[in-house]
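Below: the structure, in C-alpha coordinates.
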Amino acid sequence: MVDLVLEAPARGKPPTHLLDLSRSERRDAVKELGLPAFRADQVSTHLFSHLQDDPEKWTDISASDRETLQPLLPTLMEPLRSLTCDDGTTVKTLFRLHDGSLVESVLMRYPDRVTMCISSQAGCGMNCPFCATGQAGLTRNLSTAEIVEQVLAGARALAHGDVPGGPGRVSNVVFMGMGEPLANYKTVVAALHRLIDPAPEGLGMSARGITVSTVGLVPRIRQLAEEGMPVTLAVSLHAPDDHLRDTLVPINNRWKVAEVLDAAWFYAEQTGRRVSIEYALIKDVNDQRWRAELLGEMLAGHLVHVNLIPLNPTPGSKWTASTPQAEREFVQALKEAGVRVTVRDTRGREIDGACGQLAALES
Ligand code: SAH
(Lines give C-alpha, C1' and ligand atoms only; values in the text may rest on other atoms or scores of the structure.)
Protein backbone atom coordinates (compact mmCIF):
# COMPACT_ATOMS: atom_id res chain seq x y z
CA MET A 1 0.00 0.00 0.00
CA VAL A 2 1.33 3.41 -0.88
CA ASP A 3 1.57 6.19 1.62
CA LEU A 4 0.04 9.05 -0.30
CA VAL A 5 0.50 12.63 0.72
CA LEU A 6 -2.71 14.15 -0.51
CA GLU A 7 -2.87 17.19 1.75
CA ALA A 8 -0.75 20.28 1.41
CA PRO A 9 2.80 19.02 1.76
CA ALA A 10 5.14 19.97 4.53
CA ARG A 11 7.62 22.57 3.32
CA GLY A 12 10.35 20.81 1.44
CA LYS A 13 8.91 17.43 0.60
CA PRO A 14 6.90 17.55 -2.62
CA PRO A 15 3.48 15.88 -2.85
CA THR A 16 3.42 12.32 -4.17
CA HIS A 17 2.99 12.08 -7.94
CA LEU A 18 2.25 9.01 -10.05
CA LEU A 19 5.79 9.28 -11.41
CA ASP A 20 7.13 8.58 -7.91
CA LEU A 21 5.54 5.16 -8.01
CA SER A 22 6.34 1.87 -9.69
CA ARG A 23 3.71 0.45 -12.03
CA SER A 24 2.16 -1.79 -9.36
CA GLU A 25 2.15 1.08 -6.83
CA ARG A 26 0.47 3.28 -9.43
CA ARG A 27 -2.22 0.68 -9.96
CA ASP A 28 -2.77 0.46 -6.18
CA ALA A 29 -2.91 4.24 -5.82
CA VAL A 30 -5.51 4.53 -8.57
CA LYS A 31 -7.61 1.77 -6.99
CA GLU A 32 -7.52 3.67 -3.70
CA LEU A 33 -9.16 6.56 -5.52
CA GLY A 34 -11.94 4.18 -6.51
CA LEU A 35 -10.89 3.75 -10.15
CA PRO A 36 -9.98 0.57 -12.02
CA ALA A 37 -6.25 -0.22 -11.94
CA PHE A 38 -5.93 -0.04 -15.73
CA ARG A 39 -6.44 3.72 -15.51
CA ALA A 40 -2.92 3.84 -14.06
CA ASP A 41 -1.54 2.15 -17.16
CA GLN A 42 -3.47 4.49 -19.43
CA VAL A 43 -2.03 7.53 -17.67
CA SER A 44 1.45 5.99 -17.75
CA THR A 45 1.13 5.43 -21.49
CA HIS A 46 0.15 9.07 -21.98
CA LEU A 47 3.06 10.31 -19.89
CA PHE A 48 5.79 7.97 -21.13
CA SER A 49 4.76 6.85 -24.63
CA HIS A 50 2.66 9.69 -26.00
CA LEU A 51 4.61 12.30 -24.02
CA GLN A 52 1.31 14.01 -23.41
CA ASP A 53 0.95 15.55 -19.95
CA ASP A 54 -2.25 17.51 -20.56
CA PRO A 55 -5.13 15.47 -19.08
CA GLU A 56 -7.55 17.28 -21.39
CA LYS A 57 -5.99 15.32 -24.26
CA TRP A 58 -6.42 11.93 -22.57
CA THR A 59 -9.61 11.17 -24.46
CA ASP A 60 -9.63 7.48 -23.55
CA ILE A 61 -10.32 8.47 -19.93
CA SER A 62 -13.65 10.06 -19.01
CA ALA A 63 -13.62 13.65 -17.81
CA SER A 64 -14.86 12.64 -14.39
CA ASP A 65 -12.15 9.99 -13.99
CA ARG A 66 -9.51 12.51 -15.06
CA GLU A 67 -10.83 14.77 -12.31
CA THR A 68 -10.62 11.91 -9.78
CA LEU A 69 -6.98 11.29 -10.81
CA GLN A 70 -5.94 14.90 -10.14
CA PRO A 71 -4.56 14.32 -6.60
CA LEU A 72 -2.00 11.93 -8.12
CA LEU A 73 -0.93 14.47 -10.71
CA PRO A 74 0.09 17.57 -8.74
CA THR A 75 2.10 20.24 -10.52
CA LEU A 76 5.63 19.64 -9.26
CA MET A 77 7.68 22.17 -11.17
CA GLU A 78 7.07 25.25 -13.21
CA PRO A 79 9.52 26.35 -15.86
CA LEU A 80 10.57 29.85 -14.79
CA ARG A 81 12.59 30.51 -17.88
CA SER A 82 14.54 28.91 -20.69
CA LEU A 83 17.80 30.09 -22.17
CA THR A 84 19.15 28.82 -25.46
CA CYS A 85 22.41 28.93 -27.34
CA ASP A 86 24.07 26.98 -30.19
CA ASP A 87 21.21 28.05 -32.53
CA GLY A 88 18.62 26.74 -30.12
CA THR A 89 20.09 23.25 -29.83
CA THR A 90 21.26 23.84 -26.25
CA VAL A 91 18.39 24.68 -23.94
CA LYS A 92 18.73 25.37 -20.25
CA THR A 93 15.52 25.38 -18.26
CA LEU A 94 15.19 26.79 -14.78
CA PHE A 95 12.37 25.24 -12.76
CA ARG A 96 10.74 26.46 -9.58
CA LEU A 97 9.65 23.58 -7.35
CA HIS A 98 6.57 23.67 -5.12
CA ASP A 99 8.56 24.99 -2.15
CA GLY A 100 10.41 27.65 -4.13
CA SER A 101 13.60 25.62 -4.61
CA LEU A 102 15.23 26.15 -7.99
CA VAL A 103 16.75 23.46 -10.16
CA GLU A 104 17.95 23.35 -13.74
CA SER A 105 18.27 20.91 -16.56
CA VAL A 106 20.11 21.31 -19.84
CA LEU A 107 19.15 19.73 -23.14
CA MET A 108 21.95 19.37 -25.69
CA ARG A 109 21.12 18.28 -29.23
CA TYR A 110 23.93 16.87 -31.34
CA PRO A 111 23.66 15.49 -34.88
CA ASP A 112 23.45 11.92 -33.60
CA ARG A 113 22.00 12.20 -30.10
CA VAL A 114 20.22 14.31 -27.54
CA THR A 115 21.67 14.46 -24.06
CA MET A 116 19.84 15.80 -21.05
CA CYS A 117 21.85 16.92 -18.04
CA ILE A 118 19.60 16.71 -15.00
CA SER A 119 19.64 17.53 -11.30
CA SER A 120 19.16 15.05 -8.45
CA GLN A 121 19.14 17.50 -5.54
CA ALA A 122 18.36 21.19 -5.02
CA GLY A 123 21.85 22.37 -4.20
CA CYS A 124 24.55 19.93 -3.12
CA GLY A 125 26.20 19.01 0.16
CA MET A 126 29.53 17.87 -1.22
CA ASN A 127 31.19 21.27 -1.04
CA CYS A 128 33.70 20.93 -3.90
CA PRO A 129 35.38 24.35 -3.95
CA PHE A 130 35.46 24.74 -7.75
CA CYS A 131 31.75 24.00 -8.23
CA ALA A 132 29.11 26.73 -8.03
CA THR A 133 26.43 24.36 -6.76
CA GLY A 134 28.77 23.17 -4.02
CA GLN A 135 29.17 26.71 -2.71
CA ALA A 136 25.47 27.15 -2.07
CA GLY A 137 25.05 24.00 0.03
CA LEU A 138 22.22 21.48 0.02
CA THR A 139 18.61 22.62 0.09
CA ARG A 140 16.93 19.23 -0.23
CA ASN A 141 16.73 15.98 -2.13
CA LEU A 142 14.55 15.94 -5.23
CA SER A 143 11.79 13.37 -5.43
CA THR A 144 11.78 10.65 -8.07
CA ALA A 145 9.02 12.46 -9.94
CA GLU A 146 10.96 15.74 -9.88
CA ILE A 147 13.95 13.97 -11.41
CA VAL A 148 11.96 12.10 -14.06
CA GLU A 149 9.91 15.17 -14.95
CA GLN A 150 13.06 17.01 -16.04
CA VAL A 151 13.64 14.31 -18.66
CA LEU A 152 9.98 14.16 -19.68
CA ALA A 153 9.87 17.94 -20.13
CA GLY A 154 12.80 17.68 -22.56
CA ALA A 155 11.31 14.63 -24.26
CA ARG A 156 8.02 16.48 -24.80
CA ALA A 157 9.76 19.54 -26.22
CA LEU A 158 11.66 17.31 -28.66
CA ALA A 159 8.64 15.23 -29.63
CA HIS A 160 6.59 18.36 -30.31
CA GLY A 161 9.31 19.81 -32.53
CA ASP A 162 10.15 22.68 -30.14
CA VAL A 163 13.90 22.09 -30.53
CA PRO A 164 15.48 22.98 -33.91
CA GLY A 165 16.25 19.89 -36.00
CA GLY A 166 12.78 18.39 -36.20
CA PRO A 167 11.01 15.99 -33.87
CA GLY A 168 13.41 13.85 -31.86
CA ARG A 169 13.87 11.89 -28.68
CA VAL A 170 16.13 11.95 -25.67
CA SER A 171 18.85 9.32 -26.18
CA ASN A 172 21.12 10.15 -23.24
CA VAL A 173 20.68 11.33 -19.67
CA VAL A 174 23.54 12.43 -17.46
CA PHE A 175 23.16 13.06 -13.73
CA MET A 176 25.59 15.95 -13.93
CA GLY A 177 23.33 18.83 -13.01
CA MET A 178 22.88 19.95 -9.44
CA GLY A 179 23.40 17.50 -6.62
CA GLU A 180 25.17 14.28 -5.70
CA PRO A 181 22.94 11.50 -7.09
CA LEU A 182 24.30 8.78 -4.83
CA ALA A 183 23.52 10.91 -1.75
CA ASN A 184 19.85 10.64 -2.84
CA TYR A 185 20.30 6.95 -3.61
CA LYS A 186 16.87 5.29 -3.33
CA THR A 187 15.16 8.13 -5.14
CA VAL A 188 17.71 8.13 -7.95
CA VAL A 189 17.50 4.33 -8.37
CA ALA A 190 13.70 4.63 -8.63
CA ALA A 191 14.17 7.41 -11.20
CA LEU A 192 16.54 5.15 -13.18
CA HIS A 193 13.81 2.51 -13.22
CA ARG A 194 11.32 5.05 -14.54
CA LEU A 195 13.77 6.00 -17.30
CA ILE A 196 14.83 2.49 -18.26
CA ASP A 197 11.85 0.18 -17.69
CA PRO A 198 9.75 -0.34 -20.82
CA ALA A 199 6.32 1.35 -21.15
CA PRO A 200 3.93 1.49 -19.38
CA GLU A 201 6.32 0.94 -16.46
CA GLY A 202 8.69 3.67 -17.69
CA LEU A 203 10.21 5.54 -20.61
CA GLY A 204 12.11 2.56 -22.02
CA MET A 205 15.49 4.26 -22.49
CA SER A 206 18.65 2.21 -22.91
CA ALA A 207 20.63 1.96 -19.64
CA ARG A 208 23.74 2.46 -21.75
CA GLY A 209 22.63 5.97 -22.55
CA ILE A 210 22.41 6.98 -18.91
CA THR A 211 25.35 8.20 -16.82
CA VAL A 212 25.34 8.57 -13.04
CA SER A 213 28.13 10.88 -11.92
CA THR A 214 29.42 10.75 -8.35
CA VAL A 215 32.05 12.28 -6.10
CA GLY A 216 32.78 8.71 -5.01
CA LEU A 217 30.42 7.48 -2.29
CA VAL A 218 32.08 4.08 -2.16
CA PRO A 219 29.37 1.92 -0.53
CA ARG A 220 26.77 3.40 -2.88
CA ILE A 221 28.89 2.69 -5.96
CA ARG A 222 29.09 -0.94 -4.88
CA GLN A 223 25.35 -1.03 -4.25
CA LEU A 224 24.58 0.49 -7.66
CA ALA A 225 26.74 -2.19 -9.26
CA GLU A 226 24.27 -4.78 -7.95
CA GLU A 227 21.05 -3.09 -9.09
CA GLY A 228 20.98 -4.88 -12.42
CA MET A 229 20.85 -1.61 -14.36
CA PRO A 230 24.02 -1.26 -16.40
CA VAL A 231 24.10 2.53 -16.47
CA THR A 232 27.43 4.23 -17.03
CA LEU A 233 29.23 5.26 -13.85
CA ALA A 234 31.22 8.48 -13.89
CA VAL A 235 33.57 9.19 -11.00
CA SER A 236 34.61 12.80 -10.39
CA LEU A 237 38.25 12.19 -9.53
CA HIS A 238 39.94 15.52 -10.34
CA ALA A 239 43.20 14.44 -8.69
CA PRO A 240 45.12 11.13 -8.56
CA ASP A 241 46.66 11.84 -5.14
CA ASP A 242 44.85 12.06 -1.80
CA HIS A 243 46.74 15.16 -0.76
CA LEU A 244 45.14 17.28 -3.49
CA ARG A 245 41.86 15.38 -3.75
CA ASP A 246 41.19 15.95 -0.04
CA THR A 247 40.77 19.64 -0.86
CA LEU A 248 39.18 19.46 -4.35
CA VAL A 249 36.62 16.79 -3.48
CA PRO A 250 36.22 16.95 0.31
CA ILE A 251 34.45 13.57 0.58
CA ASN A 252 37.93 12.19 -0.16
CA ASN A 253 38.62 12.69 3.53
CA ARG A 254 36.16 9.84 4.07
CA TRP A 255 36.91 7.58 1.06
CA LYS A 256 40.37 7.77 -0.46
CA VAL A 257 41.35 7.62 -4.13
CA ALA A 258 42.35 3.94 -3.94
CA GLU A 259 39.02 2.97 -2.37
CA VAL A 260 37.06 4.96 -4.93
CA LEU A 261 38.94 3.34 -7.80
CA ASP A 262 38.50 -0.13 -6.28
CA ALA A 263 34.76 0.49 -6.17
CA ALA A 264 34.89 1.73 -9.77
CA TRP A 265 36.65 -1.46 -10.93
CA PHE A 266 34.07 -3.51 -9.04
CA TYR A 267 31.37 -1.58 -10.89
CA ALA A 268 33.03 -2.26 -14.24
CA GLU A 269 33.35 -5.95 -13.40
CA GLN A 270 29.73 -6.35 -12.29
CA THR A 271 28.16 -4.42 -15.15
CA GLY A 272 30.66 -4.88 -17.98
CA ARG A 273 30.46 -1.11 -18.47
CA ARG A 274 33.42 1.14 -19.02
CA VAL A 275 33.75 3.62 -16.13
CA SER A 276 34.26 7.32 -16.87
CA ILE A 277 36.75 9.27 -14.82
CA GLU A 278 35.90 12.97 -14.74
CA TYR A 279 38.84 15.31 -14.34
CA ALA A 280 38.38 19.09 -14.44
CA LEU A 281 41.65 20.60 -15.60
CA ILE A 282 42.54 23.50 -13.28
CA LYS A 283 45.53 25.64 -14.19
CA ASP A 284 48.57 24.92 -11.99
CA VAL A 285 46.41 23.01 -9.51
CA ASN A 286 45.92 19.50 -10.91
CA ASP A 287 47.28 19.72 -14.48
CA GLN A 288 50.99 18.91 -13.93
CA ARG A 289 52.57 16.25 -16.08
CA TRP A 290 53.47 14.13 -13.04
CA ARG A 291 49.82 14.01 -12.05
CA ALA A 292 48.86 12.92 -15.57
CA GLU A 293 51.48 10.17 -15.39
CA LEU A 294 50.35 9.05 -11.95
CA LEU A 295 46.75 9.00 -13.15
CA GLY A 296 47.79 6.99 -16.21
CA GLU A 297 49.57 4.44 -14.01
CA MET A 298 46.55 4.04 -11.76
CA LEU A 299 44.08 3.59 -14.60
CA ALA A 300 46.08 1.60 -17.16
CA GLY A 301 44.71 -1.85 -17.87
CA HIS A 302 41.22 -1.09 -16.53
CA LEU A 303 37.88 -0.71 -18.32
CA VAL A 304 37.99 3.07 -18.13
CA HIS A 305 37.75 6.28 -20.10
CA VAL A 306 38.98 9.67 -18.92
CA ASN A 307 36.84 12.71 -19.59
CA LEU A 308 38.86 15.88 -19.19
CA ILE A 309 36.74 18.95 -18.52
CA PRO A 310 38.25 22.40 -18.99
CA LEU A 311 37.44 24.13 -15.69
CA ASN A 312 34.49 26.45 -16.02
CA PRO A 313 35.48 29.10 -13.47
CA THR A 314 32.74 30.06 -11.05
CA PRO A 315 32.17 33.78 -10.41
CA GLY A 316 34.97 35.13 -8.25
CA SER A 317 36.97 31.92 -8.51
CA LYS A 318 40.73 32.09 -7.98
CA TRP A 319 41.11 29.19 -10.41
CA THR A 320 41.03 29.10 -14.18
CA ALA A 321 41.14 26.47 -16.89
CA SER A 322 44.47 24.94 -17.89
CA THR A 323 46.26 26.34 -20.90
CA PRO A 324 45.70 24.54 -24.22
CA GLN A 325 49.28 23.34 -24.06
CA ALA A 326 48.92 21.89 -20.55
CA GLU A 327 45.70 20.24 -21.70
CA ARG A 328 47.45 18.71 -24.74
CA GLU A 329 50.28 17.41 -22.60
CA PHE A 330 47.87 15.91 -20.10
CA VAL A 331 46.04 14.11 -22.91
CA GLN A 332 49.34 12.93 -24.34
CA ALA A 333 50.59 11.49 -21.04
CA LEU A 334 47.37 9.53 -20.59
CA LYS A 335 47.55 8.21 -24.15
CA GLU A 336 51.13 7.14 -23.60
CA ALA A 337 49.95 5.17 -20.58
CA GLY A 338 47.43 3.46 -22.85
CA VAL A 339 44.38 5.13 -21.28
CA ARG A 340 41.47 6.28 -23.43
CA VAL A 341 40.83 9.98 -23.05
CA THR A 342 38.66 12.73 -24.51
CA VAL A 343 38.25 16.40 -23.72
CA ARG A 344 34.65 17.31 -22.96
CA ASP A 345 33.06 19.99 -25.05
CA THR A 346 31.65 22.79 -22.98
CA ARG A 347 28.23 23.42 -24.38
CA GLY A 348 26.09 25.98 -22.69
CA ARG A 349 28.82 28.20 -21.28
CA GLU A 350 27.21 31.35 -22.63
CA ILE A 351 24.04 30.57 -20.71
CA ASP A 352 25.76 29.44 -17.52
CA GLY A 353 24.59 25.96 -18.37
CA ALA A 354 28.05 24.47 -18.16
CA CYS A 355 29.32 22.34 -15.31
CA GLY A 356 28.71 23.59 -11.83
CA GLN A 357 26.99 26.79 -12.91
CA LEU A 358 23.42 25.63 -12.78
CA ALA A 359 21.01 27.95 -10.98
CA ALA A 360 23.86 29.66 -9.17
CA LEU A 361 22.99 33.09 -10.49
CA GLU A 362 19.42 32.81 -9.27
CA SER A 363 20.04 31.77 -5.71
N1 SAH B 1 27.86 15.46 -7.80
C2 SAH B 1 28.15 14.73 -8.98
C3 SAH B 1 27.44 15.21 -10.23
C4 SAH B 1 27.33 16.68 -10.48
S5 SAH B 1 28.63 17.61 -11.21
C6 SAH B 1 29.64 14.68 -9.21
O7 SAH B 1 30.36 15.42 -8.55
O8 SAH B 1 30.09 13.88 -10.02
C9 SAH B 1 29.09 16.91 -12.73
C10 SAH B 1 30.55 17.10 -13.03
O11 SAH B 1 30.89 18.48 -13.24
C12 SAH B 1 31.44 16.60 -11.91
O13 SAH B 1 32.52 15.87 -12.46
C14 SAH B 1 31.93 17.90 -11.30
O15 SAH B 1 33.11 17.74 -10.57
C16 SAH B 1 32.09 18.77 -12.53
N17 SAH B 1 32.17 20.20 -12.24
C18 SAH B 1 31.59 20.88 -11.24
N19 SAH B 1 31.93 22.19 -11.29
C20 SAH B 1 32.75 22.33 -12.35
C21 SAH B 1 33.42 23.46 -12.92
N22 SAH B 1 33.30 24.67 -12.40
N23 SAH B 1 34.17 23.23 -14.02
C24 SAH B 1 34.28 22.00 -14.55
N25 SAH B 1 33.67 20.91 -14.06
C26 SAH B 1 32.91 21.07 -12.96
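The values are calculated or read from the model by the stated rules, or taken from the named source; none is laboratory data. All of these numbers come straight from a predicted model, not from anything done at the bench. Positions of Cβ are generated from backbone atoms using ideal geometry, with glycine treated the same way; all protein chains shown enter the neighbour counts. Side chains are part of the model used for accessible areas, which takes the heavy atoms of the whole protein and leaves out ligands, DNA and RNA. Shrake-Rupley method; radii C 1.70, N 1.55, O 1.52, S 1.80 Å.
Of the candidates Ala190, Ala37, Ala280, which one comes out as most mobile in a Gaussian network treatment of the chain with C-alpha springs shorter than 10 Å?
Highest fluctuation of the listed residues: Ala37.
Net charge near Trp290, counting Lys/Arg +1 and Asp/Glu -1 over other residues with Cβ under 12 Å of its Cβ?
Here the count lands on -3.
What does the charge count near Arg245 come to, summing +1 for each Lys or Arg and -1 for each Asp or Glu among other residues with Cβ under 13 Å from its Cβ?
Its environment carries a net charge of -2.
At R0 = 30 Å, how high is the FRET efficiency between Asp28 and Gln270 if r is their beta carbon distance? Nearest 0.05 is fine.
Between Asp28 and Gln270 the formula returns 0.40.
Could you pull out the pairs from Lys31/Lys186; Lys31/Lys57; Lys256/Lys283; Lys57/Lys186; Lys186/Lys283; Lys283/Lys335 whose alpha carbons sit more than 28 Å apart here?
Pairs exceeding 28 Å: Lys57/Lys186; Lys186/Lys283.
Rounded to the nearest 0.05, what FRET efficiency is calculated for Asp345 and Ser62 with R0 set to 45 Å and r the Cβ-Cβ distance?
0.40
Determine Rg/Rh for segment 1-117; Rg is computed over alpha-carbon atoms and Rh is the Kirkwood hydrodynamic estimate from the same atoms.
1.03
Using helices alone, what [θ] at 222 nm do you get for the chain, with -39,500 (n - 2.57) per DSSP H run of 4 or more residues, divided over all residues and rounded to the nearest 500?
It lands at -9000 deg cm²/dmol.
Can you tell me the accessible area per residue over the chain, all protein chains present, probe 1.4 angstrom, in square angstrom?
42 Å²
Excluding Ile210 itself, calculate the net charge of residues whose Cβ lies under 15 Å from the Cβ of Ile210, where each Lys or Arg counts +1 and each Asp or Glu counts -1.
+4
Round to a whole number: what % of the accessible area of the chain belongs to carbon and sulfur, probe 1.4 Å?
Carbon plus sulfur share of accessible area: 49 percent.
Computed FRET efficiency, Cβ-Cβ of Tyr110 and Ser317, R0 30 Å: what is it to the nearest 0.05?
Rounded to the nearest 0.05, the efficiency is 0.60.
Tell me, what is the percent relative contact order of the chain, built from C-alpha pairs under 8 Å that lie six or more residues apart?
Contact order relative to length: 15 percent.
Would you work out the relative contact order for segment 179-321, in percent, from Cα pairs under 8 angstrom that are 6 or more residues apart?
Rounded, it is 20 percent for segment 179-321.
Would you work out if segment 64-214 is rounded, prolate or oblate? Take a ≥ b ≥ c from the square roots of the eigenvalues of the alpha-carbon gyration tensor; rounded if a/c is under 1.5, else prolate when a/b is larger than b/c, oblate otherwise.
Rounded, since a/c falls under 1.5.
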